[in-house]
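Here the structure comes first, spelled out in structure tokens, and everything after it is commentary.
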């Protein structure tokens, strides 16, 4: 390998695996721990709480995805740059780990775009309402209430949490195999 100390490789392994595992755990906990608690609130409060959680999440999750992606990419490139190494299997695993981890971003933009937009609109529409729920969502079609949307968002979010978990497993496999 071209002037790469074992320490830089080990550091990249730790950063990649820990970062993607932490990202997966955080995302998954939101689906299993936070969403059920949010669903106990009346619709106006639920929509505002979801928006607050979402805005905090988008400030934390992307940096973890990018840093883990960078660490795995570094490892993949260093293994592919190794002399006499064409299609190094560990390099391929690190490249897959990088792609799985960073894929939370396009997943969010593509798979979750509609539900995110609907929930943001609900939060905006319900900003001035009191916390009572009796009148706020009467007569809405199935799947369009704040609770239905947050429930669906939690399912989609769990799917998003699986992606960096696969990245962490691939990174660990490449590191310890």
Could you work out how far apart the two model spin labels at residue 155 and residue 11 are, taking each label as a point 7 Å from the Cα in the direction of the beta carbon, and quote it in nm? 4.5 nm
With n ≥ 4 as the cut-off for DSSP H runs, can you work out [θ] at 222 nm for the chain, using -39500 (n - 2.57) per run divided by the number of residues, rounded to the nearest 500? -25500 deg cm²/dmol
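Percent of Cα-Cα pairs more than 13 Å apart in the stretch 30-78, please. Present the calculation step by step, with values, prior to reporting the outcome.
Numbers: 777 of 1176 pairs.
Summing the P(r) of the stretch 30-78 above 13 Å gives 66 percent of all pairs.
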What's the angle, to the nearest 10 degrees (0 to 90), between helix 43-80's Cα axis and the longest principal axis of the chain? 10 degrees
Determine, for 152, 50, the number of other Cβ atoms within 10 Å of each Cβ, and report the residues in order from fewest to most. 152, 50
If the elastic network links every pair of Cα atoms under 10 Å, which of 56, 48, 151 fluctuates the most in the Gaussian network model of the chain? 56
Return the single residue from 24, 128, 68 with maximal mean-square fluctuation; model: Gaussian network over the chain, springs between Cα atoms under 10 Å. 128
PRE reach from residue 29 (point 7 Å along Cα→Cβ): which of the stretch 47-77 fall under 14 Å by backbone N? 57, 60-61
Put a dot 7 Å past each Cα toward the Cβ at residue 111 and residue 22; how far apart are the dots in nm? 2.3 nm
Can you tell me the order of 95-102, 108-115 when each peptide is scored by its average per-residue count of other Cβ atoms within 10 angstrom, highest first? 95-102, 108-115
Note the listed values (i) 17.3; (ii) 17.7; (iii) 18.6, then indicate which one is Kirkwood radius over Cα pairs in Å calculated from this particular structure. (ii)
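Which whole-number percent is the relative contact order of the chain (Cα, under 8 Å, 6+ apart)? Mind showing how you got there, number by number?
On the way: 230 pairs, mean separation 72.7, N = 177.
Once divided by the residue count of the chain, the mean separation gives 41 percent.
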Take each of the peptides 38-47, 58-67, 159-168, average the number of other beta-carbon atoms within 10 Å over its residues, and list them starting from the highest. 159-168, 38-47, 58-67
Provide the gained length on full extension for the span residue 162 to residue 177, in nm with one decimal, where the gain is 0.36 nm per separating residue minus the Cα-Cα distance. 3.2 nm
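Throughout, read-outs are computed from the coordinates displayed, never taken from laboratory work. Predicted model, so just to flag it, every value in this text is computed and none were measured. Positions of Cβ are backbone-derived with ideal geometry, glycine not excepted, and every protein chain shown enters the neighbour counts.
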